[in-house]
1. Under 15 Å Cα to Cα from LYS26, which aspartates and glutamates show up? Leave out anything in the same chain fewer than 8 places away.
2. Pull up the cross-link candidates among the lysines for LYS21, meaning alpha carbon to alpha carbon under 28 Å and not fewer than 8 places away within one chain.
3. From the residues GLY137, TRP119, PHE90, which one has its Cα farthest along the dipole of the chain in the positive direction, the dipole being from +1 and -1 charges on Cβ of Lys/Arg and Asp/Glu about the Cα centre?
4. When the label point is put 7 Å from the Cα of THR57 along its Cα-to-beta-carbon vector, which residues of the stretch 77-102 have a backbone N closer than 19 Å?
5. About the Cα centre of the stretch 77-133, what is the dipole size in debye to 20, counting +1 per Lys and Arg Cβ and -1 per Asp and Glu Cβ, all else neutral?
6. Return the single residue from LEU96, LEU55, LEU22 with maximal mean-square fluctuation; model: Gaussian network over the chain, springs between Cα atoms under 10 Å.
7. Determine, for ILE43, ILE48, ILE135, ILE87, the number of other Cβ atoms within 10 Å of each Cβ, and report the residues in order from fewest to most.
8. For ARG13, ARG116, ARG80, ARG60, what's the fewest-to-most ordering of other Cβ within 10 Å of each Cβ?
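Rule-based calculations on the coordinates, nothing more; no lab input. As the structure is a prediction and not an experimental result, all values here were calculated from the model. Neighbour counts are summed over all protein chains in view; Cβ atoms, including those assigned to glycine, are modelled from backbone coordinates with ideal geometry.
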Amino acid sequence: MIPGIPKHQMAWRIRVTFVGKLPPKKYMTPDIRHHDPGWASEIFSRPIEMLEFFLPTGHRLVMSGMEQYNFFVEAVQSTRTRGGAKIQAFWFCGKLPGNDVVEMWRVGYGKIIRDRKPWGREWGGGPTSGWKQGISGKPLSILLK
């Protein structure tokens, strides 16, 4: 956890750690259920060393050593109402180094599902946008308690 921040305030946030020692070393999103996490609009000037996602259960999804990283929201919008889009799940992706394979985590409806898809076929058989540069190493993709 982060010293000085209570565990419950970490829930539903993404922490990105960058390669190198220059500041800023980390980027922390607000609660991604209610705010734009800034993934698409943020220009990361350095490669990502590690991506972490904190869940209210105390679990933490961790990915590191990936060639590239991506995050996107799965949502549906009703054509019958004007209520806006309803979030279905959050997706965390990492392209495995030296392979055309994407490690994927889907967090939604109280379930966490891990999957692998071919690069360029991550979503519905097609590519996703928003990939951020990582630093290849020994890939880690794990859910920790």
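1. GLU42, GLU49, GLU52
2. By straight Cα distance, LYS21 reaches LYS7, LYS95, LYS132, LYS138, LYS145.
3. Of GLY137, TRP119, PHE90, it is PHE90.
4. 88-93, by backbone N distance to the label point.
5. Values: 11 positive and 4 negative charges, 59 e Å.
Dipole size: approximately 280 debye.
6. LEU22
7. On the way: ILE43 6, ILE48 21, ILE135 18, ILE87 13.
So the residues, fewest neighbours to most, are ILE43, ILE87, ILE135, ILE48.
8. Values: ARG13 20, ARG116 12, ARG80 5, ARG60 16.
Taking fewest neighbouring Cβ atoms as first place, the list is ARG80, ARG116, ARG60, ARG13.
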